[in-house]
Amino acid sequence: MDAHHITALGKLLGDDSRVLTKPQVVERLSRDFYWYSPVLRRQLDGKVGEVVVQPLTVGEIQDVLRYCHRCDIAVTARGAGTGNYGQAVPLHGGVVLDLARMDRIEGIRLDGVAVCEPGVRLGVLENEARKSGWDLRCYPSTIVKASVGGFLGGGSGGVGSVAHGGLRDFNTVRALEVVTMEREPRVVLHEGEAVHEILHAWGTNGVITRIWLALTPAVEWAQCVVAFDTFDSAFDFSERVATDSAWTKRLVTTFEWPISSFFVPIKQYVPDGKSLIFFLIASEQLGGLETAARTAGATIPYSCLYQGLRSVPLLSDYTWNHTTLWALRTDPAWTYLQCGFNPVTVRDQFRQLRSRFGKEILFHIEFMKNGTGQVVPGSIPLVYYTTEERLNQIINCCREIGVFVANPHVNNVEGGGRYRTDNVQLRAKQRYDAKGLLNPGKMITFKPEDAAMETVPTR
Ligand SMILES: Cc1cc2nc3c(=O)[nH]c(=O)nc-3n(C[C@H](O)[C@H](O)[C@H](O)COP(=O)(O)OP(=O)(O)OC[C@H]3O[C@@H](n4cnc5c(N)ncnc54)[C@H](O)[C@@H]3O)c2cc1C
């Protein structure tokens, strides 16, 4: 990028200190956790932006986008950079728009809706919400670091999803505002169903600047580790608790041995050879859960009242995609898939995968409610990586036997499995970013010539 662009961006902000050009800094703020995937590592290593711009206001974002639109400069939005698929990695240089400093919580409304800017960290929002009697409905296990805007742009669900579904379900995202990438960037409000035009679009069709997020009444939680001799008995028990609405729960995670042997900091709670379940359960139900688990043949290596995100240990730090992180620290050959087992045939699906791939695939189950209200066995199984061909064989086999796979080894919105088949994200991009300058290369069905054919904006 020519030096005069950098000077111009500094002038627009009236503050050079928020236009970062130091190569190490630009490189760090161009990366995310794509290296979880050996496939993406090969594709994305070395991809960097040319400058990082840190806006403080919506007006500044409009100024930056107006300038970049005029000069045909790519812009990639960034929250905290904890995404797993290289979502925030710029493929075509340009500006990394770092939104971390737009971190104001406007308020927690009496009806349980948080209104905030995109750079607010989810952990900060959860702590603030609890002060007025509310919990986040669902959050990624990266809650401490990840931003609200990044969760909407690239995340899907996590802790809490067993009770409240994913981020896209049950009207959890009530509304959001985006700034468009046009000659004269507009601020557009998306409410109700229209939020789906922007959710999980990886920042390719607008920069989210304001969010209305529905919360749920706060619960006093307890953490509990339950250990069974076999994965089958652990799965049976976890499924019973997850699917029975009498239990108030926030997390039901099941690991087959030896996954929990990777959890080095909590090894005192990990009995050798056992399959474990990690629960976040209403504290008033903890005694009942322990009794039910013991009756089913389990032991309870650990249980305690939950002290919020400062809890030691914080069990959620070992669940969702943190599980893969612990495995990778033990052996960098581990990678993962994102799957959905069929609740009716799940045991048969386990059997088929085991007989075909042995311990090349290890079962890590995350129960979650789907959009129709049914609690189903989601999964982030560990896969021992040897070659891309073998990885694809495993993915294909999963699909052949009816296991849904959202492939985390691709770097585009469409390939990841969470693209809307009604193309609303693409249509929004055609309206809001006809030149294709927002995070270019990540929405591969977008063609600037199609966008040019779009008529007057409808929103
Ligand atoms: C250890 C680990 C565990 C994880 N566990 C989970 C999990 O449980 N559930 C889950 O869903 N994910 C999980 N993730 C992925 C990731 O942490 C979450 O999706 C997180 O919410 C991303 O937030 P972020 O602020 O880091 O976003 P970033 O990585 O910075 O951005 C994500 C995407 O959103 C876009 N974006 C960012 N801000 C905006 C904005 N304001 N407007 C428009 N687009 C924007 C970016 O361009 C990018 O495409 C995990 C990742 C790791 C490394």
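The values are calculated or read from the model by the stated rules, or taken from the named source; none is laboratory data. This structure is a prediction, so every number in the text was calculated from the model and none was measured. Here the Cβ positions follow ideal geometry from the backbone for every residue, glycine too, while neighbour counts run over all protein chains shown. To get the accessible areas, we keep the full protein, side chains included, count just its heavy atoms, and leave off ligands, DNA and RNA. Shrake-Rupley method; radii C 1.70, N 1.55, O 1.52, S 1.80 Å.
What ranking of 12, 199, 20 comes out by heavy-atom accessible area, probe 1.4 Å, highest first?
On the way: 12 65, 199 0, 20 40 Å².
Accessible-area ranking of 12, 199, 20, largest first: 12, 20, 199.
At 7 Å along Cα-to-Cβ for each site, give me the label-to-label distance between residue 1 and residue 396 in nm.
If labels sit at residue 1 and residue 396, their model points lie 4.2 nm apart.
Hey, with R₀ at 30 Å, roughly what FRET efficiency would residue 25 and residue 57 work out to, going by the Cβ-Cβ distance, to 0.05?
Once the sixth-power term is evaluated, E becomes 0.85.
Relative contact order of region 117-275, please, whole-number percent, based on alpha carbon pairs below 8 angstrom and at least 6 residues apart. Walk me through the numbers before you get to the answer.
Values: 250 pairs, mean separation 35.0, N = 159.
This gives 22 percent for region 117-275.
For residue 310 and residue 105, FRET efficiency with R0 = 25 Å and r from the beta-carbon atoms, rounded to 0.05?
Result of the calculation: an efficiency of 0.85.
So what J values fall out for region 258-272 if you push phi through Karplus, 6.51 cos²θ - 1.76 cosθ + 1.60 with θ = phi - 60°, rounded to Hz, Gly and Pro as x?
Values per residue, Gly and Pro as x: x, 4, 5, 5, 7, 8, 3, x, 10, 5, 5, 9, 10, x, 4 Hz.
Can you pull the accessible area of residue 7 for me, 1.4 Å probe, Å² to the nearest 10?
Residue 7 exposes around 80 Å² with every protein chain in place.
Among all the lysines, which ones have a C-alpha under 17 Å from residue 22's C-alpha, if same-chain residues fewer than 8 places away are not counted?
In chain and number order, the partners are 47.
Mind ranking 339, 71 by accessible surface for me, highest first, 1.4 Å probe?
71, 339
May I ask you to rank 421, 445, 319 by accessible area, largest first, using a 1.4 Å probe over the protein chains only?
Descending order: 421, 445, 319.
Taking amide hydrogens as modeled 1.01 Å from N in the peptide plane, which residues meet the under 5 Å criterion relative to residue 248, leaving out close sequence neighbours?
282
Give the accessible area for residue 182 in Å² (nearest 10); use a 1.4 Å probe, count only protein heavy atoms, and leave out ligands, DNA and RNA.
Approximately 30 Å² of residue 182 is accessible to the 1.4 Å probe.
How would you order 164-174, 260-270 from highest to lowest mean count of nearby Cβ atoms within 10 Å?
164-174, 260-270
Can you list the residues of region 174-218 with backbone N under 16 Å from a point 7 Å past the Cα of residue 115, pointing along Cα to Cβ?
Hits in region 174-218 for residue 115 at 16 Å: 174-178, 188-192, 209-215.
So what J values fall out for region 75-82 if you push phi through Karplus, 6.51 cos²θ - 1.76 cosθ + 1.60 with θ = phi - 60°, rounded to Hz, Gly and Pro as x?
Couplings: 10, 10, 6, 9, x, 10, x, 9 Hz.
With a 1.4 Å probe and every protein chain kept in, tell me what percent of the accessible surface of region 278-355 is carbon plus sulfur.
Looking at region 278-355 in its full context, I get 53 percent from C and S.
Given a Förster distance of 56 angstrom, what is the FRET efficiency for residue 236 paired with residue 8, based on the Cβ-Cβ distance and rounded to 0.05? Numbers along the way, then the final one.
On the way: r = 63 Å, r/R0 = 1.12.
For R0 = 56 Å, the calculated efficiency reads 0.35.
Expected output is a single nm value to one decimal: the length gained when fully extending between residue 342 and residue 356, i.e. 0.36 nm times separation in residues minus the C-alpha distance. What is it? List each step's numbers first, then the result.
Values: separation 14, 0.36 × 14 = 5.04 nm, distance 1.81 nm.
Gain in length upon complete extension: 3.2 nm.
Per-residue counts of other Cβ atoms within 10 Å, averaged by peptide: what ranking do you get for 28-34, 84-90, 222-228, highest first?
With the highest mean Cβ count within 10 Å placed first, the list reads 84-90, 222-228, 28-34.
With the other protein chains left in place, how much accessible area per residue, in square angstrom, belongs to the chain at a 1.4 angstrom probe?
Numbers: 18100 Å² over 459 residues.
Ligands and nucleic acids excluded, the result is 39 Å² per residue.
Helix-only mean residue ellipticity at 222 nm, the chain, DSSP H runs n ≥ 4 weighted -39,500 (n - 2.57), per residue, nearest 500. What is it?
Taking each H run of at least 4 residues, the total per residue is -8000 deg cm²/dmol.
Give me, ordered by chain and number, the residues 5 or more places off residue 77 or on other chains with an amide H under 5 Å from its own placed amide H.
For residue 77, whose amide H was placed from the backbone, the distant partners under 5 Å are 97, 439.
Eigenvalues of the Cα gyration tensor times 5, then square-rooted: what semi-axes does that give for the chain, in whole angstrom, largest first?
So the equivalent ellipsoid measures 38, 24, 20 Å along its semi-axes.
Let me make sure I get this right: for region 55-158, a, b and c are the square roots of the gyration tensor eigenvalues over alpha carbons, sorted descending. Under 1.5 in a/c it's rounded, otherwise prolate if a/b > b/c, else oblate. Which is it?
Since a/c reaches 1.5 but b/c is at least a/b, the shape of region 55-158 is classed as oblate.
Collect residues whose amide H, placed 1.01 Å from N in the peptide plane, falls under 5 Å from the amide H of residue 221; neighbours closer than 5 in sequence don't count.
Amide H neighbours of residue 221, under 5 Å, 5+ apart: 283, 306.
Relative to the present Cα-Cα distance, how much length would full extension add between residue 282 and residue 171 at 0.36 nm per residue of separation? Let's see the in-between values first.
Numbers: separation 111, 0.36 × 111 = 39.96 nm, distance 2.37 nm.
Extending this stretch completely gives an extra 37.6 nm.
On the full set of protein chains, 1.4 Å probe, figure out the accessible area of residue 131 and give it in Å² to the nearest 10.
150 Å²
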